[in-house]
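Accompanying notes for the structure given below.
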Amino acid sequence: MAACSTASIRPADDAAARRSALPGFAPTLGITLTWLSLIVLIPLASLALRPWTLGLDGVWQSVTDPRVLAALRLSFGTAALAAAVNVPLGLLVAWVMVRYRFPGRGLADALIDMPLALPTAVAGIALTALFAKNGWIGSLLVPLGIKVAYTPLGILLAMIFVGLPFVVRTLEPVVMDLPIDAEEAAATLGASRGQAFRRVVLPALLPALLAGFGAALARGVGEYGSVIFIAGNMPMVSEIAPLLIVIRLEQLDYAGAAALALVMLLVSFAILLLLNALQARIAANAA
Amino acid sequence: MNTVLPQRPTTEHWLIRAGLIAVTVVLLIVLLLLPLLVVFTEALRRGVPAVLAALEQPETLAAVRLSLLVAVISVPLNTVCGMAGAWCISRFRFPGRGLLVTLIELPFSVSPVISGLVWVLLFGANGWLSPLLNATGTRIVFAVPGLVLATVFVTFPFVARTLIPLMQSQGAAEEEAAITLGASGWQTYFRVTLPNIRWGLLYGVLLCNARAMGEFGAVAVVSGHIRGQTMTMPLQIEALFNDYDWIGAFSIAALLSLLALLTLVAKAALEWRIGRAGGGLL
């Protein structure tokens, strides 16, 4: 099909496609749209429609259940906190990786992607083993009264772990493209290094910092595998929203599971849209 | 040049620099390297023979086989679709192109649990299509097809997402020349396009495969956790961990960690090949 010659591309195909000398527009677009619809769009549409079988009142009751609200608060609150911790950590790592040369830098660069390459279940049991009271780190922290494993602190740790690469990888290209002459100008005009960083570098990085925050937040909210092993999963205390979806499914409450999933998706998208708008506003102000 | 200008620094004092590097290295070691190391030390706690014995358990072998089967089905499907998507998006301009790119990347912003949930809503016991399935006696959820569908959903964007920017930056000049010289569409794709994108394609397939083998949340929802039948490697890790079989759980985890390490090494090599600086897995 893709082998059809240019002559066979009918005018109906699309004005722009006609401008290209290359064949294969209609079949490749057809394959893409079909596969996208079957795998992504129709299933997600079924998710959006399913809760309403409970009726409007039923959906409201289902998503305002105290256990649901506690899970949503925990998921979004902890993910936001983890993303907020990851912003300075990610900025530090991105800055050091881009600006400095040191032995082992290549290894460090590969290590940054580790949370993305390591299956979440592996990360989950590894973090649990590390921070359990007889683990390498847990045995140091527990005597100090800091319990990480099986507490909400463990959820925070897992979300920091999975979110860090998002902030670093969002910031790196932007730090790389920072115009060095702006920093030179600041230095020439008598700014100290600290002043130049606060007044010149940070404002230029602000949109990327927001984007990294958003990406880490979105990942943290949806995260399941690395969290459930270390969380303890106590209802109302350390039970994240994705786990509650699983629990509702096991109780065959499909509509309730879908309602909670829909709320999670809508709130996540709303936050991402808001952060996008904020970024656009900052970029416009800077221009 | 600089000697003429008043001496204000444009980089940090060497002490601060050394301090920042030290903090970064410690952070990366504690947060990212230790979890990896702990997987191997926990697995090897009773030596290599215990690991091998754990991996030879029939249920674990079944989980390895199932993970391979799911990856072998899902990865090629998404590869072909990703190649088709990258072709129409990078080689043609049409209304809605930006929206199409956004929709292709949509699965990345959906929680893994929700990626599994959508299939249960369609094909589960109370699912919309369950009457149809009951009539024909087909099982999708709590069986291999469901695991494949969930995996295809979460790995959907990888190949297209790697190929689109690569093909856009390469441009269509070589392909247009081939077509003008009389090559057919397929000839052009296999002789001109494919050689140009082969490393990028391999990169996308590699990431797609890593995620397919390691996916947990989405398959946990559709699996039904039937031991020896619908348990992939990550699900088997959870089952053994909950049984307090630490050697067993960490042995499979070590196997998957080796795959992750291999993926990272291959990724670094391919990035060097493609000539892109840095850039994450996503």
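Say a site is exposed when it is one of the trypsin sites (Lys or Arg not before Pro), sits in a DSSP loop, and has at most 14 other Cβ atoms within 10 Å; what is then the longest site-free stretch of chain A?
On the way: sites that count: A:Arg101, A:Lys133.
The answer is A:134-287.
Rg to Rh ratio, the range B:95-163, alpha-carbon atoms and Kirkwood radius?
Using Cα coordinates only, the ratio equals 1.08.
For a quick check, take a GNM of chain B with Cα springs below 10 Å and name the residue from B:Pro95, B:Pro58, B:Pro165 with the largest mean-square fluctuation.
Looking only at B:Pro95, B:Pro58, B:Pro165, the biggest GNM fluctuation is shown by B:Pro95.
Choose one of B:Phe190, B:Phe216, A:Leu29: the residue whose Cα lies farthest towards the positive end of the charge dipole of the protein assembly as shown (beta-carbon charges +1 Lys, Arg; -1 Asp, Glu; about the Cα centre).
B:Phe190
Starting from the Cα of A:Leu202, step 7 Å along the direction of its Cβ; do the same at A:Ala185; then give the gap between the two resulting points in nm.
2.0 nm
Note down the magnitude of the dipole of the protein assembly as shown about its Cα centre, charges +1 on Lys and Arg C-beta and -1 on Asp and Glu C-beta and zero elsewhere, to the nearest 20 debye.
Value, rounded to 20: 700 debye.
Once R0 is set to 45 Å, what does the formula 1/(1 + (r/R0)^6) return for the Cβ-Cβ distance between A:Leu178 and B:Glu56, expressed as a FRET efficiency to the nearest 0.05?
In this case the efficiency is close to 0.25.
When the Karplus curve 6.51 cos²θ - 1.76 cosθ + 1.60 is applied with θ = phi - 60°, which whole-Hz ³J(HN,Hα) does each residue of the range A:260-274 get, with x for Gly and Pro?
So the Karplus estimates, Gly and Pro as x, are 5, 4, 5, 4, 4, 5, 5, 5, 4, 5, 4, 5, 5, 4, 4 Hz.
Considering only C-alpha atoms, what is the centroid distance from the range A:97-116 to the range A:240-268, in Å?
38 Å
Computed over the Cα atoms of the range A:23-102, what is the convex hull's projected area averaged over all directions, in nm²?
Mean projected area for the range A:23-102: 11.2 nm², to one decimal.
Out of A:Pro203, A:Pro173, A:Pro143, any idea which swings most in a Gaussian network model of chain A, alpha carbons joined below 10 Å?
Comparing A:Pro203, A:Pro173, A:Pro143 in the GNM, the peak value goes to A:Pro143.
Could you check the spin-label model distance between B:Phe108 and B:Thr11? Points 7 Å from the Cα along Cα→Cβ, value in nm.
My value for the distance between the label points is 3.2 nm.
Once fully extended, how much extra length lies between B:Leu262 and B:Arg93, figured as 0.36 nm per residue of separation less the alpha-carbon to alpha-carbon distance?
Stretched out fully, the B:Leu262 to B:Arg93 stretch lengthens by 57.1 nm.
Can you give the translational diffusion coefficient of chain A in µm²/s, computed by Stokes-Einstein from the Kirkwood radius over Cα pairs at 4 °C and 1.567 mPa s? Can you show the working numbers first?
Working: Rh = 22.5 Å.
Translational D for this selection: 58 µm²/s.
Can you compute the modelled spin-label distance between A:Leu38 and B:Thr41, with each label point 7 Å from Cα toward Cβ, in nm?
It is 4.8 nm.
Which of A:Glu183, A:Glu239, A:Glu223 ends up with the largest GNM mean-square fluctuation for chain A, with Cα atoms connected below 10 Å?
Taking springs between Cα atoms under 10 Å, the residue moving most is A:Glu183.
Using all C-alpha to C-alpha distances in the range B:47-274, build P(r) with 5 Å bins and read off the rounded percent in each one.
Cα pair-distance distribution for the range B:47-274, in percent: 1, 7, 12, 15, 15, 14, 12, 9, 7, 5, 2, 1, 0, 0.
Residues of B:118-128, mean number of Cβ from any other protein chain within 10 Å of their own Cβ, rounded to a whole number?
Average neighbour count from other chains, rounded to a whole number: 6.
Would you give the gap between the C-alpha center of the range B:130-194 and the C-alpha center of the range B:223-273, rounded to a whole Å?
Between the Cα centre of the range B:130-194 and that of the range B:223-273, the gap is 26 Å.
Which ³J(HN,Hα) values in Hz, rounded to whole numbers, follow from the phi angles of the range A:157-165 under the Karplus curve 6.51 cos²θ - 1.76 cosθ + 1.60, where θ = phi - 60° and Gly and Pro get x?
4, 4, 6, 5, 4, 6, x, 3, x
Would you calculate the volume per residue, in Å³, of the smallest convex hull containing every Cα atom of the protein assembly as shown?
188 Å³
Would you work out the relative contact order for chain A, in percent, from Cα pairs under 8 angstrom that are 6 or more residues apart?
27 percent
Taken together, the values in this text are just the output of simple stated rules run on the coordinates, not laboratory data. None of the values given here were measured: they were computed from a predicted structure. Cβ atoms come from the backbone with ideal geometry, glycine included; neighbour counts cover every protein chain shown.
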